[in-house]
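Written out below as structure tokens is the structure these notes cover.
Coordinate-derived values only; no laboratory data. No experiment lies behind these values; they were computed from the predicted model shown. Cβ placement follows ideal geometry from the backbone for every residue including glycine, while neighbour counts extend to all protein chains displayed.
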Amino acid sequence: MLAVYLVNSINCTTMRIKIISTAVIAAALFACNSTQPVETNPNEKIIAQADSFLSEYNQKYKELYYQSAEAAWTLNTHIVEGDTITAKLAEQADSMYAAFTGSESNIKASQYFLAEKEALSPLQVKQLETILYNAGSNPAIAGDLVQQRIKAETKQTELLFGFETLLNGKPVSGNEIDGILANSNNLKDRQQAWEASKEVGKTLKDGLNNLQQLRNQTVQALGYEDYFDYQVSAYGMSKQELMDVCKDMVAEMWPLYRELHTWARYTLAEKYKQEVPEMLPAHWLPNRWGQEWSGLIEIEGADLDKTLEPKGAEWIMQQGEEFYKSLGFDALPPSFYEKSSLYPAPKDADYKKNSHASAWHLDLDKDVRSLMSVEPNTRWWGTVLHELGHIYYYMEYSNPEVPMVLREGANRAYHEAMGSLIGLAAMQKPFLVDRGLMSADVETDATQALMAEALDFVVLIPWGAGVMTEFEHDLYAKNLPKDQYNQKWWELKKKYQGIVPPTERGEEYCDAASKTHINNDAAQYYDYSMSNILLFQFHEHIATKILKQDPHATNYYGNKEVGAFLKKLMQPGATVDWRTHLKDNLGEDMSAKAMLNYFSPLMDHLKKVNEGRTHTLPESI
Ligand code: X8Z
Ligand code: ZN
């Protein structure tokens, strides 16, 4: 999930005192006190010792996490050219967080207790394992490397979001670029907008190369093979296991993706009055990375963009919250609206902000915020619901049963799935009619609606589990050389998405780095593909078991039982094992079956539409 942590090299005396104090406490814990009476249950003592270590850790963790998140929040919401103080503060706060989470005493203490794991409670073990995992990216034994990485990450964020994108010599926002790619039929304008959006990559290439080394080196100090290995281990998987899961996801969706690809080539060639291309030119698509193409479908009589436009961005936020409240979730705390940065910076603002949407859990409790640039259109309607899914997940597991260090999703994909699930539900006709966003009289074509959903949820799979995952795998696990970044990127784009650039893209560019996550949410993008698989499992359960409605035409609005089911998934946070949690709540393992079932009517339709057309992607991948 996108939440950015930034840090730097700071020599902090206070921090060192704290570390010593933790070390002293740990030493005291381990010392055998001969004056104490003999314990009847030998486990009681170690359980109590672990509890006291964990409670001190959790308290400090929350404090330092908050400081680091606050400083990172400012860095991402208020980027001013020439301001060095904000970055410095962010680096300092992140350094303190890193020094604590990666301290030798915390590592030693958790290793010591974990050696006795049979004696401890599952909740204690889970916390200790997470503490060790958190230490993995900041180990003190890596010395100066952690400081260098923190500094390099801060710099990369500033370069990415402080970058002035120019179109025809004039500054242009991400929303404006997206607007051109969503609406223009002029290929020249489209190409210029697409090319403008990639310029930032050039300035990020050296930084990415530096981070490639530093991320690998820091995690290697605690025994991880590389940074990709480290991020994947959060799922309890090896690199190979994760790559196999991704391969399976892509393979299972491939026949449908291949039909969508064929359909898109012919449809767009007609739209732009061009020959049908063998591969899709990147600037023909309605998204800068070709990661979702739902804009290619206009459902007759149900133009949501047109309906939302006059209502305004604030209305979208408020309706998003209403939807969650109708399911039985609480109102957002007032501080959410006071402290969030929800709308684009004014045109004449003397600062820039991170243009990518994210949700933040600043104090691991009720200080929840979102960073967005909401405009009243369909794309932002989905994004608002996505981000609110994170926010409500944060609020649900911020309960006394969940220790600070486990205030995370059951896994990262669960976290991504919640809001995207609500986004799916919020696009279905019965919901839209209920909410007055579509007239009940409109005869919508169910197949077209299904197409729009496939162009979003299916199209993301080869992009997320293919291009992004394999690129980052090769970057970190295979040390992809800097002079092969762009070549590798476009090789993968062609293989997995069937997308090619409008013109040759040499190594002076770094098109991968135009994607936020490559810079500040590294080696985790498979989360989104897995979340799509999971969310169709959740949706199928909700539609068939709770609502007793056709999964293609549901209305979640106002149903407290749906809310209760979601809360049950959310409330334990990371205190549970994600696989067991799925089995307990759905009675099944992670599987693409629900997603394939959902889209199966579309396959027949597309086969007919594409009859006689040439498919240029291979039958299997
Ligand atoms: O980054 C996001 C969210 C924030 S966690 C807006 N998403 C991915 C992306 O935009 O690349 C949601 C879908 C995929
Ligand atoms: Zn997200």
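For the range 221-275, the residue among Y235, A264, A251 whose Cα projects farthest onto the positive side of the dipole built from Cβ charges is A264.
Note on the range 497-621: dipole from Cβ charges, positive end direction compared against S514, N559, I499; the farthest Cα belongs to N559. Amide H to amide H, with H built 1.01 Å from N, V576 comes under 5 Å of no residue 5 or more places away or on another chain. Taking the Cα centre of the range 518-582 as reference, the dipole from Cβ charges on Lys and Arg (+1) and Asp and Glu (-1) amounts to some 300 debye. Annotation note: trypsin sites (Lys or Arg not before Pro) in the range 423-504 located in DSSP loop regions with a Cβ neighbour count of at most 14 within 10 Å are K478.
Just check the range 462-621 against the gyration tensor rule for me: Cα atoms, a ≥ b ≥ c as the square roots of the eigenvalues, rounded for a/c under 1.5, and otherwise prolate or oblate depending on whether a/b exceeds b/c.
Judged from the Cα gyration tensor, the range 462-621 comes out oblate (a/c at least 1.5, b/c at or above a/b).
Over 23 Å between Cα atoms: which of K247/K593; K311/K545; K271/K608; K126/K545 fall into that group? Flagged as over cut-off: K311/K545; K126/K545.
Please sort by residue number the trypsin sites (Lys or Arg not before Pro) in the range 532-562 whose DSSP state is loop and whose Cβ has at most 14 other Cβ atoms within 10 Å. Write down the numbers at each step before the final one.
Numbers: sites: K545, K548, K560; in loops: K548.
Sparse-neighbourhood loop trypsin sites (Lys or Arg not before Pro): K548.
Computed 3J(HN,Hα) for the range 267-283, one whole-Hz value per residue from the Karplus formula 6.51 cos²θ - 1.76 cosθ + 1.60 where θ = phi - 60°, is 5, 6, 4, 5, 4, 8, 6, 10, 4, 6, x, 6, 10, 6, x, 4, 7, glycine and proline marked x. Between the range 340-414 and the range 486-545, the alpha-carbon centres lie 21 Å apart.
Please pull out the direction-averaged projected area of the range 234-311, using the convex hull of its alpha-carbon atoms, in nm² to one decimal place.
8.7 nm²
Phi-derived couplings, Karplus 6.51 cos²θ - 1.76 cosθ + 1.60 at θ = phi - 60°, listed residue by residue for the range 368-384: 10, 9, 10, 10, 9, 9, 5, 10, x, 8, 4, 4, 6, 4, x, 5, 4 Hz, with x used for Gly and Pro. The range 119-183 and the range 599-621 have Cα centres lying 38 Å from one another.
Positive end of the dipole of the range 418-488 (Cβ unit charges, origin at the Cα centre): among G464, A449, G419, the Cα lying farthest that way belongs to G464. For the range 528-621, the Cα gyration tensor yields ellipsoid semi-axes of 32, 18, 9 Å (square root of five times each eigenvalue, largest first, whole Å).
Taking a sphere under 14 Å around the Cβ of G201 and counting the other residues whose Cβ falls inside, with K and R at +1 and D and E at -1, yields a net charge of +3. Here the mean projected area of the convex hull built on the C-alpha positions of the range 84-155 is 5.0 nm².
How large is the helix-only mean residue ellipticity at 222 nm for the chain, computed as the sum of -39500 (n - 2.57) over DSSP H runs with n ≥ 4, divided by its residue count, in deg cm²/dmol to the nearest 500?
Numbers: 24 runs with 352 residues, N = 621.
For the chain, the value works out to -18500 deg cm²/dmol.
The smallest convex shape that holds all Cα atoms of the range 437-533, its convex hull, gives 142 Å³ per residue. By the count of other C-beta atoms within 10 Å, a proxy for reagent exposure, S340, S238 are ordered fewest to most as S238, S340. Working from Cα pairs under 8 Å separated by at least six residues, relative contact order for the range 77-191 is 29 percent.
In whole percent, what relative contact order does the chain give with Cα contacts below 8 Å and a gap of six or more residues?
Working: 950 pairs, mean separation 117.4, N = 621.
Reported as a whole number, the value is 19 percent.
Taken over the range 147-187, the ratio of Cα radius of gyration to 2.2 N^0.38 Å equals 1.65.
If a/c stays under 1.5 just call it rounded; otherwise compare a/b with b/c (prolate if a/b is bigger, oblate if not). Do that for the range 185-277, with a ≥ b ≥ c from the square roots of the Cα gyration tensor eigenvalues.
oblate
When a/c reaches 1.5 or more, the comparison of a/b and b/c decides; with that in mind, is the range 270-424 rounded, prolate or oblate per its Cα gyration tensor? Cα axes put the range 270-424 in the prolate bin.
Dipole size of the range 99-147 about its Cα centre, with +1 on Lys/Arg Cβ and -1 on Asp/Glu Cβ: approximately 80 debye, rounded to the nearest 20. In percent, rounded to a whole number, the relative contact order of the range 451-564 is 26, using alpha-carbon pairs under 8 Å and six or more apart.
Magnitude of the charge dipole for the chain, about its Cα centre and with charges confined to Cβ atoms of Lys, Arg (+1) and Asp, Glu (-1), is about 460 debye. On the principal axes of its alpha-carbon atoms, the range 118-162 has extents of 50, 24, 7 Å, going from largest to smallest.
Over the range 348-484, what per residue volume does the convex hull of the Cα atoms give, in whole Å³? For the range 348-484, the hull spanned by Cα atoms encloses 203 Å³ per residue.
Extent of the chain along its three principal axes (Cα atoms, max minus min coordinate, largest first): 87, 55, 47 Å. The simple Förster model, with R0 at 41 Å and r as the Cβ-Cβ distance, assigns T616 and D350 a FRET efficiency of 0.25. Sorted from greatest to least, the principal axis extents spanned by the alpha carbons of the range 395-465 come out as 51, 32, 11 Å.
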